[in-house]
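Data block below; observations after.
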Amino acid sequence: MNCPGCGKEMTAGMLQAGRAVYFVDEEHSYLMLRPKGSAVLLTTENFSAPKNDVAWCCRDCKKVVVDYADIPQSIWKNLY
C-alpha cells in the first residue's frame, strides 16, 4: 500500500494492544468502559492479546493506516 502522505510504499504489519483499540472522534475519560457515539473498534476481541492483522506503517510520514473491514463492530458493544 502507498502512503497517503508521501506516496512511498508502506510496511505491512499489525496493531497489537493490551486491551481493545478504538478510534473515537472525541476523548473519553474511561475507555475501559464502552466508548459512546461513533467509536470504531480497530482490534479483534481477545482480552489477553487483541490485534488487527491488517495495518500499514510509513516511517517517513509517521502515519499508520488500519483496515478494520473484517472486524465486526457489534463486538465492542459487548465488551467490558
Q. What is the gain in length, in nm to one decimal, between Gln73 and Glu9 on full extension, counting 0.36 nm per residue of separation less the C-alpha to C-alpha distance?
A. 20.2 nm
(Q) Let's test the formula: R0 of 30 Å, r as the Cβ-Cβ distance of Cys61 and Gln16. What FRET efficiency results, to the nearest 0.05? (A) 0.90
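Laboratory data are not the source of any read-out in this text; all were calculated from the coordinates shown. The shown structure was predicted, so the numbers you read here are calculated from the model rather than taken from an experiment. Here the Cβ is made from the backbone with ideal geometry for all residues, glycine too, and neighbour counts use every protein chain on show.
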